[in-house]
Amino acid sequence: MKDFMTKVEQSGFVPEIAPYERNDPYGEKLRMEAYAIGANRLLIPTNYLQGTQTADGYGSHKGKRAEKALETYGMNFLLKYPIIATAIFTDGNADIYVEDGHHRTIKAIKHDFPEMPTLLLTVEQMSEVQRHLGRIPNTPKEVGLKLIMESFEAIDSLQRRGVKNFGLTIQGVSNMKELTTRFATF
């Protein structure tokens, strides 16, 4: 099936993709806000993505839906429903934290997709998006600390599930402009 979908994707034919997030209004609102605020649309290698979903957040229903959609539509599914992530820059390096799209990311890693279409925001942009959505915490410092703290638990739970080679720090980038020159856009 994967070989077939690769040929379909290369042909330029984009099949109609059934709505994926009809049961996830937060994800849809977050995506709309990310596009509105001018998120960078980058293809981020999966090994640079750090999860923030806690262990109890990996319910089987969402995972099964994401897996079925990946098997059916391949990369076209990921392009239509990119993940949303926040870049935090410290000491000339960048860490990328997934805000929305954990199940898609895990299933893409499982199916050997090397990159994830990502709507990438700075911590300041994510803070503004969170304020628009009425979420707490919503200052840049609070958002950054929350992402970092949640990633520690996520790393532990993902390693227990056998997911490897993820959450690497991107070396030698100190701002979003530098980061956007490292990766392809979509």
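The values are calculated or read from the model by the stated rules, or taken from the named source; none is laboratory data. Since the structure is predicted, the reported quantities are computational estimates derived from the model, not experimental observations. Neighbour counts run over all protein chains shown; Cβ positions are idealised from the backbone, glycine included.
Over 21 Å from GLY38 (Cα atoms) and of a type outside the set (Lys, Arg): is that true of ASP112 in this structure?
Values: over 21 Å from GLY38 (Cα atoms): yes; of a type outside the set (Lys, Arg): yes.
So ASP112 passes the test.
Within 24 Å of LEU43 (Cβ to Cβ) and more than 15 Å from the chain's Cα centre (by Cα): which single residue out of GLY92, GLY63 fits that description? Walk me through how you get there before you give the answer.
Values: GLY63 fails: more than 15 Å from the chain's Cα centre (by Cα).
None of the other options fit; the residue is GLY92.
Do you know which of the residues in the stretch 41-59 that are surrounded by 11 or more Cβ atoms within 10 Å (Cβ to Cβ) and over 12 Å from the mean Cα position of the chain (by Cα) is modelled with the lowest pLDDT? Outline the logic, then answer.
So in the stretch 41-59, the residues surrounded by 11 or more Cβ atoms within 10 Å (Cβ to Cβ) come out as 41-55, 57-58.
Filter once more, keeping what is over 12 Å from the mean Cα position of the chain (by Cα): 54-55, 57-58.
Details: THR54: 63, ALA55: 57, GLY57: 63, TYR58: 60.
Checking each candidate, the answer is ALA55.
Which of the residues belonging to the stretch 134-168 are under 19 Å from PHE113 (Cα atoms) and modelled with pLDDT of 90 or more?
To start, the set of residues in the stretch 134-168 that are under 19 Å from PHE113 (Cα atoms) comprises 158-159, 161-168.
Across the stretch 134-168, the qualifying residue is only LEU168.
Does any residue in the stretch 71-92 that is at positive phi come within less than 8 Å, Cβ to Cβ, of a residue that is not hydroxyl-bearing (Ser, Thr, Tyr) six or more places away or on a different chain, and which pairs are these?
Qualifying pairs under 8 Å: GLY74/LYS2; GLY74/MET5; GLY74/VAL8; GLY74/GLU9; GLY92/GLN171; GLY92/GLY172; GLY92/VAL173.
Name every residue in the stretch 134-186 that is in contact (Cβ under 8 Å) with a residue 40 or more places away in the chain, surrounded by 14 or more Cβ atoms within 10 Å (Cβ to Cβ), hydrophobic (A, V, I, L, M, F, W, C) and more than 16 Å from THR105 (Cα to Cα), in order of residue number.
The answer is VAL143, LEU147, ILE148, ILE170, VAL173, MET176, LEU179, PHE183, PHE186.
With the requirement that a residue be of a type in the set (S, T, N, Q) and more than 16 Å from ILE155 (Cα to Cα), what does the stretch 100-119 give you? Let's see the steps before the verdict.
Kept after step one, since they are of a type in the set (S, T, N, Q), are these residues of the stretch 100-119: 105, 118.
Passing the criteria: only THR118.
Which residues, taken from the stretch 60-85, are crowded, with 18+ Cβ neighbours inside 10 Å, small (Gly, Ala, Ser) and modelled with pLDDT under 95?
ALA66, ALA69, GLY74
Please work out which residue is surrounded by the fewest Cβ atoms within 10 Å (Cβ to Cβ), limiting yourself to the stretch 86-133 and to residues that are of a type in the set (Phe, Trp, Tyr) and modelled with pLDDT of 95 or more. Break it down stepwise before answering.
Pass one, the stretch 86-133, residues of a type in the set (Phe, Trp, Tyr): 89, 97, 113.
Among the residues that remain, those that are also modelled with pLDDT of 95 or more are: 89, 97.
Values: PHE89: 17, TYR97: 23.
For the stretch 86-133, the residue satisfying everything is PHE89.
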